[in-house]
Amino acid sequence: MKTHTTSKGVTVIIDNSLKKFKGRNLFPEKLKRANEILAHAGVPDLKKLKNKC
Amino acid sequence: MKHSKYLCKAEDSFLVFKFSSEGSKGLVQKIVIYTETGSENVYNLGFGDYDSQTGSMSDRSVTNNGDSAKVLATVAATVYTFTEMNPAAWIMASGSTAARTRLYRMAITNNLSEISEHFAIFGYNCEGRWEYFVVGKAYEAFMITRKENDDTL
């Protein structure tokens, strides 16, 4: 059984049968809303936010 | 999050994770999937119950297995794993309902000092703008990225 352990010591079992889910839009409403937010606001503008603090 | 976590399986690009919630309702399979958005390096975190018999996924079902803290800690652990493999990634997350988004906000608040060791966290506010996460403030969505990506910190 192939595993991967993160730097925080969390172990994950590698199961490539899960590849069948890759690329599938399983949560279309959520993805749609995420893209709407990104189109409106982009990603956080770090310099702008830092100047505000 | 220092809560106990479920053991996860993942495929080798760490975009899809699976684990089983165990509780009073029995075993419920959960899937966490990181989906590319229309913005480069920004992924949407989706999470829900998977029915292996029908192949259907739902992010609105209420499992009521009595293990929500452990489930959320497990989902949080996938963020650590995914961003270790994709250090430049930004991850967007929100609940499928306002109540779930509030639950995620509470989980972030309760684990803020631990999360802030490695990540910069933002909330999408009612003005339609991103800001650094503020405790006690309501947000529609959250964005998280490794602190190394925030060169202002």
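The values are calculated or read from the model by the stated rules, or taken from the named source; none is laboratory data. These numbers come from a predicted model, not from an experiment. So basically every Cβ, Gly included, is an ideal-geometry build from the backbone, and we count neighbours across all protein chains shown.
Odds and ends about this structure:
- Residue list for segment B:127-148, restricted to those being over 15 Å from B:Met92 (Cα atoms) and in contact (Cβ under 8 Å) with a residue 60 or more places away in the chain: B:Glu148
- Of note, A:Lys47 satisfies the criterion of being over 14 Å from B:Val42 (Cα atoms), facing chain B (nearest Cβ under 7 Å) and not in a loop (DSSP other than H, G, I, E, B).
- Hey, B:Gly66 surrounded by fewer than 20 Cβ atoms within 10 Å (Cβ to Cβ), within 7 Å of another protein chain (Cβ to nearest Cβ), in a loop (DSSP other than H, G, I, E, B) and out of contact with any Asp or Glu (no Cβ under 8 Å at 6 or more places or on another chain) or not: no
- The single condition among (1) within 11 Å of another protein chain (Cβ to nearest Cβ); (2) within 29 Å of A:Thr5 (Cβ to Cβ); (3) within 16 Å of the chain's Cα centre (by Cα); (4) not acidic (Asp, Glu) that B:Leu72 does not satisfy is (1).
- Of the residues making up segment B:141-153, those that are under 21 Å from B:Glu40 (Cα atoms) and not polar (S, T, N, Q) are B:Ala141, B:Phe142, B:Met143, B:Ile144, B:Arg146, B:Lys147, B:Glu148, B:Asp150, B:Asp151.
- Within segment B:10-25, the residues that satisfy the criterion of being farther than 19 Å from B:Ser68 by Cα and assigned to a strand (DSSP E or B) are B:Ala10, B:Val16.
- Only residues that are facing another protein chain (nearest Cβ under 8 Å), surrounded by 15 or more Cβ atoms within 10 Å (Cβ to Cβ) and part of a loop (DSSP other than H, G, I, E, B) were counted across segment B:129-153, and they come to 3.
- Filtering segment A:1-41 to residues that are within 22 Å of B:Gly46 (Cα to Cα), in a loop (DSSP other than H, G, I, E, B) and either among the hydrophobic types (A, V, I, L, M, F, W, C) or more than 7 Å from chain B (Cβ to nearest Cβ) (or both) leaves A:Val10, A:Gly23, A:Arg24, A:Leu26, A:Phe27.
- Odd one out for B:Ser39 among (1) of a type in the set (Gly, Ala, Ser); (2) at pLDDT 95 or above; (3) under 16 Å from B:Leu72 (Cα atoms): (3)
- Index of the failed condition, B:Ile33 passing every other in (1) away from chain A (no Cβ under 11 Å); (2) in a strand (DSSP E or B): (1)
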